[in-house]
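Comments concern the structure below.
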Amino acid sequence: METVILAVVIAVVVLVALGGLVVGSRRRKPLPAPPKTPDITAPPAEPHVGDEAETPRDEPRRTIEEVDLPGGPAVAVEEPPVEEAPVEEAPAIEIPEPTAGRLVRLRARLSRSQNALGKGLLTLLSREHLDEETWEEIEDTLLTADVGVQPTQELVEGLRERVKVLGTRTPEELRGLLREELLKLVGTDVDRTVKTEPEDRKPGIVMVVGVNGTGKTTTTGKLARVLVADGRTVVLGAADTFRAAAADQLQTWGERVGAYTVRGPEAGDPASVAFDAVKEGKEMGVDVVLIDTAGRLHTKTGLMDELGKVKRVVEKHAPLDEVLLVLDATTGQNGLVQARVFAEVVDITGIVLTKLDGTAKGGIVVAVQRELGVPVKLVGLGEGADDLAPFEPEAFVDALIGD
């Protein structure tokens, strides 16, 4: 029994020893080497903008003219013509029509709107019996034509006396009688020349004033045409710096007749522009400087004061020869209010009546002269460039009473 147990123990010891040898041999076995990373060759870099694909080689090259194109001989390539910048041509200088007798030539246009006054008076005076009611109708006709109260009374009194002395009244006699009395009211012994030629210096200085909407800037441009037509040289001063495009409008008028325009920045100092215009006119040796002022409302005291400033600044060069007030003839009695206020600020020397060919009443000529004590010197009879005419009393009255 002991022998059996001893054999079993020996067998166990042998098995344990063999197991240790096996484990030791496994631990001593080296691990396999990790795989090597393969060598990767980078692709050739792509050329960047401006890089050559390869080194340029020196070799002869042919032009496009030397290359034979299929189907025919080489075609010469023509370069497109170089366009030259357009040259701006100066506007053609216009020659205005003469001013002498211009109102006579425009008489038909004037008479179309004014005949109501003359024909109405002639019809009333042709009645067989001129009673008080008829004379009242005559007064109403004159007042409706904007003649004014005082001038109307004077005209009616003169007509009463002349009719009483005349006795019989033929149409020709009545027309002659009415013509004489109207001429007395309008005035034939007044100097209506626009003063532009001072004896002791050059240039003559004319300032144009007026309310917005009366056609003041247009009238200034037309007056430049009148002066050029009479052989004068002109510089225009665009002192209306408050109204957009006023300077452009005036410059356009000037370019048509070759007159130079002095202008300043928009909303700039109008007195400065007026001062520079007179200075420029002196240096250029022109005959006349026309200054267009802003068309300010007569109710704005501050703006009216500024108009007075323009006058004072201009007179640092020389006294003004003319201050022309532009009035819209269609405004009637309201125009007299405007005239009165302007006369308080600057010394008005003459009146320009525009739109006298429209719905205006001819009597405004008499009324405004009485109000200001200065004559009407120019009248506008249309929208044409040469429709501004020197005022001629005889032609005006003839247009009133018709043929």
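The values are calculated or read from the model by the stated rules, or taken from the named source; none is laboratory data. All values reported here derive from a predicted model rather than from experimental measurement. Every residue, glycine as well, gets a Cβ built from its backbone with ideal geometry; the counts of neighbours run over all protein chains shown. With ligands, DNA and RNA removed, areas are computed over all heavy atoms of the protein, side chains included. Shrake-Rupley method; radii C 1.70, N 1.55, O 1.52, S 1.80 Å.
Of all the accessible heavy-atom surface of the stretch 271-403, with the other protein chains kept in place and a 1.4 Å probe, what percent is carbon and sulfur? C and S fraction of accessible area: 49 percent.
Based on alpha-carbon atoms, the Kirkwood radius and the radius of gyration of the stretch 137-272 give Rg/Rh equal to 1.18.
The dipole here belongs to the stretch 246-403: it is taken about the Cα centre, uses +1 on the Cβ of Lys and Arg and -1 on the Cβ of Asp and Glu, and is about 600 debye. When the surface is traced with a 1.4 Å probe over the full set of protein chains, E139 keeps roughly 70 Å² accessible. The orientation-averaged projection of the convex hull spanning the C-alpha atoms of the stretch 234-299 amounts to 4.4 square nanometres. Taken over the stretch 139-210, the alpha-carbon convex hull comes to 148 cubic angstrom per residue.
Which whole-percent values make up P(r) of the stretch 204-323 when all C-alpha to C-alpha distances are grouped in 5 Å steps starting at zero? Cα pair-distance distribution for the stretch 204-323, in percent: 2, 13, 25, 27, 20, 9, 3, 1.
Tell me, what % of the accessible area of the stretch 161-209 is carbon and sulfur with a 1.4 angstrom probe?
Reported share for carbon and sulfur atoms: 50 percent.
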